[in-house]
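The values are calculated or read from the model by the stated rules, or taken from the named source; none is laboratory data. Fair warning: this is a prediction, and the values are worked out from it, not measured in the lab. Using ideal geometry, Cβ is built from the backbone for each residue, glycine included, and neighbour counts are taken over all protein chains shown.
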Amino acid sequence: MSAELIPDLQVEHLSKRYQGAAGEVAVLTDVNLTLRRGDALAIMGPSGSGKSTLLYILGTLDTPSGGSVKVEGRDPFDLPAETLAAFRNRCIGFVFQDHCLLPQCTVLENVLVPTLAADTADPNAEPRARELLRRVGLAERITHFPSELSGGERQRVSICRALINQPRLLLADEPTGNLDRTTAHTIGTLLLEVCRELETVLITVTHSPELAARFPRRVELVEGRLENR
C-alpha cells in the first residue's frame, strides 16, 4: 500500500476484557475504525460503556486484549516500553476534562512541557508555542500562571500543550465537561478549527449532544461496538 493510502489511524477488531470477581468482563468487542488526517470523530455513549477505555487504548495508555491499532501504519504496541513512550509523546496529543496544568509553571512553560522529553532541544518549540497561544487568543497571557486564568483559558492552554509536538492524533476526553455552555462552544470550535488547519486526526469522547453534533463524523459505543449515528 502506498504511503498516501495508509490511514493515519486504523483500528481492526479491537477488544478489551477485564477479569472481574464474577468472571471476565468484555468492555470493547470488535471495534473497527479508520481515520485520515483532518478527520474529526465524536464518540458518544452512556457512562461505563467503554468510551474512555477506547480512548486510552488509542493513546497507548492502556493495552488491548485483542485486535490491532496502527498509527501511520505502525502498531505502537509492538514497540519496547521506552520507544513507545517516545512515540506517544511525539505522535499523540491528549486533552483531558481537567486541564492538568502544572500550577508552578507559566502558560508558556506548560505548553512547552511535552518538548522536554525529546533527546535534543527543538529550536522551533518556543516560537511554535507562542504561535499556538496566539492562535487561541492567549498571546497576552503567556507569563500568567494557571491560577490566574479562567476555566476556558486553562483548557485552551491544554489544547496548545497537546498540539506542541505536532501530533498525528489528538484525543480529547470530555474536553468541555467542566465548562459553561458558551465557553464549551468556543472550545469545540477551537478544537475543530485547529485540527482541520493542522491536518490532525481528532477523536473526542463526550456526553454532550451539542458538541457531538458539530463533528462531521459521529458514532456511539453500544455493547462494546461502534455504531454510526
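A residue that is hydroxyl-bearing (Ser, Thr, Tyr) and farther than 25 Å from GLU210 by Cα cannot be found anywhere in region 37-53.
Within the span defined as region 150-158, one or more residues are within 17 Å of the chain's Cα centre (by Cα) and in contact (Cβ under 8 Å) with a residue 60 or more places away in the chain.
Yes or no, residue by residue, for (1) acidic (Asp, Glu); (2) within 19 Å of GLU199 (Cα to Cα); (3) part of a loop (DSSP other than H, G, I, E, B); (4) in contact (Cβ under 8 Å) with a residue 12 or more places away in the chain:
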| residue | (1), (2), (3), (4) |
| --- | --- |
| ALA85 | no, no, no, yes |
| GLY93 | no, yes, no, yes |
| GLN97 | no, no, yes, yes |
| PRO114 | no, no, no, yes |
| PRO167 | no, yes, yes, yes |
| LEU170 | no, yes, no, yes |
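Meeting the requirement of 3 or more residues that are of a type in the set (A, V, I, L, M, F, W, C) and at pLDDT 90 or above, the strands (runs of 3 or more DSSP E) wholly within region 1-77 are 9-20, 23-35, 40-44.
Pairs linking a residue in region 46-67 that is of a type in the set (D, E, K, R) to a residue that is assigned to a loop (DSSP other than H, G, I, E, B), with Cβ atoms under 6 Å and 6 or more positions apart or on different chains, are LYS51/GLY45. Quick check on my filter: what residues within region 177-207 are buried (at least 19 other Cβ atoms within 10 Å of the Cβ) and without any contact (Cβ under 8 Å) to a residue 40 or more places away in the chain? Hits for region 177-207 are LEU179, ALA184, ILE187, GLY188. Number of residues in region 115-139 that are β-branched (Val, Ile, Thr) and farther than 20 Å from LEU190 by Cβ: the value is 2. Take GLU126 and decide whether it is over 26 Å from GLN104 (Cα atoms) and either among the hydroxyl-bearing types (Ser, Thr, Tyr) or assigned to a helix (DSSP H, G or I) (or both). Judged against the criteria, GLU126 is not a match. For THR106, the conditions (1) within 25 Å of ARG37 (Cβ to Cβ); (2) at pLDDT 95 or above all hold with the exception of (1). Using the structure shown, decide if ASP75 is within 29 Å of LEU35 (Cβ to Cβ), surrounded by fewer than 16 Cβ atoms within 10 Å (Cβ to Cβ), touching a strand residue (DSSP E or B) at 6+ places or on another chain (Cβ under 7 Å) and not polar (S, T, N, Q). For ASP75, the condition - within 29 Å of LEU35 (Cβ to Cβ), surrounded by fewer than 16 Cβ atoms within 10 Å (Cβ to Cβ), touching a strand residue (DSSP E or B) at 6+ places or on another chain (Cβ under 7 Å) and not polar (S, T, N, Q) - is met. Of the residues in region 135-149, at least one is under 18 Å from the mean Cα position of the chain (by Cα) and either within 17 Å of LEU9 (Cβ to Cβ) or surrounded by 15 or more Cβ atoms within 10 Å (Cβ to Cβ) (or both).
Residues to consider are LEU138, LEU102; find the one that is of a type in the set (A, V, I, L, M, F, W, C) and out of contact with any Lys or Arg (no Cβ under 8 Å at 6 or more places or on another chain). Show your work before the answer.
Details: LEU138 fails: out of contact with any Lys or Arg (no Cβ under 8 Å at 6 or more places or on another chain).
The unique qualifying residue is LEU102.
Select from region 159-188 the residues that are among the charged types (D, E, K, R) and under 16 Å from LEU55 (Cβ atoms) and write down the one among them that is nearest to the chain's Cα centre (by Cα). The extreme case among them is ASP173.
Screening SER65 on (1) in contact with a strand residue (DSSP E or B) (Cβ under 7 Å, 6 or more places away or on another chain); (2) closer than 24 Å to ARG196 by Cα shows it passes everything except condition (2).
For region 91-103, the set of residues classified as of a type outside the set (A, V, I, L, M, F, W, C) and at pLDDT 90 or above consists of GLY93, PRO103, listed by residue number.
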